[in-house]
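Written below as structure tokens is the structure these notes are about.
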Amino acid sequence: MTSELSIFKLITEASLVVQIVMFILVLASIVSWTFIFSKYKEIKRAEETSEEFEERFWSGIDLADLYRQLAKEDHATEALENIFMAGFKEFARLRQQPNIGPDAVMEGAQRVMRVALNRELESLDERLPFLATVGSTSPYVGLFGTVWGIMNSFRSLGSVKQATLAMVAPGISEALVATAMGLFAAIPAVMAYNRYSTEIGRLANRYEAFTEEFLSLLHRQAHAK
């Protein structure tokens with residue numbers, strides 16, 4: 001209890017600059033944790049949705065029937081569903097137009113699917129740069145507060161004849177709190193960024209593989225007649 005009160009006292013009695021640094025770090029940490037939890041749910045939902053969709057896709061169902069089922073469902077399409085819906089819709093639209101060869105149909109479907117794929121990956125990558133920024137800059141922001149606090153502590157010694165450890169200890173302590181807060185903000189952000197980057201990379205490979213496999217199926221349909 002005493003330790004908690006002393007740390008709180010160090011924060012409240014710190015210099016204005018150090019308090020601003022601490023406030024920035026606390027704010028960055030809160031926003032980072034918000035992004036960490038929301039991104040975890042987003043990636044987990046993308047993985048589950050993709051797995052469920054691939055089971056339906058490879059179950060032998062007719063692609064047109066699958067498209068109609070997805071179009072009628074209440075929930076919004078996600079992940080691989082969006083890639084499939086975009087590609088098959090364009091494929092069906094182009095095949096209905098006269099004087100369009102199979103190669104032109106495939107090029108149009110491939111182009112639309114590529115756009116949908118990039119859009120999904122951009123959505124997954126959203127907010128990751130913020131975590132990377134917090135992870136890389138928070139220690140330096142905390143270090144700035146530390147240097148400023150220590151500088152003020154030693155500068156105050158110039159007005160006294162006899163310096164003691166008790167005179168500089170509070171300033172150094174408040175400065176070290178800033179460093180600790182910087183690390184507290186940075187470490188979770190770095191760990192989350194590395195983990196989510198790896199998971200998004202796996203999802204990207206999964207999306208790419210599905211896109212190529214789906215295009216192969218469409219290619220066979222386009223050249224069937």
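The values are calculated or read from the model by the stated rules, or taken from the named source; none is laboratory data. Computed from a predicted model, the values in this text were never measured in an experiment. For neighbour counting, all protein chains shown are included, and Cβ atoms are generated from backbone atoms with ideal geometry for every residue, glycine included. Just so you know, the surface numbers come from the protein's heavy atoms only, side chains and all, with ligands and any DNA or RNA stripped out. Shrake-Rupley method; radii C 1.70, N 1.55, O 1.52, S 1.80 Å.
Taking all protein chains together, 44, 89 sort by accessible area into 89, 44, largest first [probe 1.4 Å]. Among the protein heavy atoms, those of residue 65 account for about 60 Å² of accessible surface (1.4 Å probe, every chain in place). A Cβ-based charge dipole, computed about the Cα centre of the chain with Lys and Arg at +1 and Asp and Glu at -1, lands at about 680 debye. Surface analysis of the chain yields an accessible area of 59 Å² per residue, using protein heavy atoms and a 1.4 Å probe.
Between residue 100 and residue 62, the modelled labels are 2.1 nm apart [label points 7 Å from Cα along Cα→Cβ]. Sort out for me the Cα centre separation of the range 92-143 from the range 34-63, rounded to whole Å. If you average the Cα positions of each part, the centres end up 16 Å apart.
Simple point charges give the picture: +1 on the Cβ of Lys and Arg, -1 on the Cβ of Asp and Glu, and for the range 49-133 a dipole about the Cα centre of about 440 debye.
Scanning the chain for helices, which whole DSSP H stretches are 30 Å or more long along the axis (Cα) and average -0.5 or more by Kyte-Doolittle? Helices meeting the span and hydropathy rule in the chain are 16-57, 102-125, 128-156, 165-222. Each Cα pair under 8 Å and six or more residues apart adds its separation to the average, and for the chain the resulting relative contact order is 33 percent. Rg and Dmax over the alpha-carbon atoms of the chain stand at 28.0, 99 Å. How big is D for the range 42-166, in µm² s⁻¹ as a whole number, if Stokes-Einstein is applied with the Kirkwood radius of its Cα pairs at 10 °C and 1.306 mPa s? Roughly 81 µm²/s, to the nearest whole number. Considering every alpha-carbon pair of the range 111-160, the percent of pairs per 10 Å bin, from zero through the bin containing the longest distance, is 21, 23, 18, 15, 11, 8, 4, 1.
Rg over Rh for the range 65-107 works out to 1.06, both radii taken from alpha-carbon positions and Rh defined as the Kirkwood radius.
Across the options 148, 23, 99, the greatest Cα extent toward the positive end of the charge dipole of the chain (unit charges at beta carbon of Lys, Arg, Asp, Glu) belongs to 148. Considering every alpha-carbon pair of the range 69-139, the percent of pairs per 10 Å bin, from zero through the bin containing the longest distance, is 18, 32, 25, 14, 8, 3, 0. The rule of thumb for compact globular proteins, 2.2 N^0.38 Å, goes into the C-alpha radius of gyration of the range 31-86 1.35 times.
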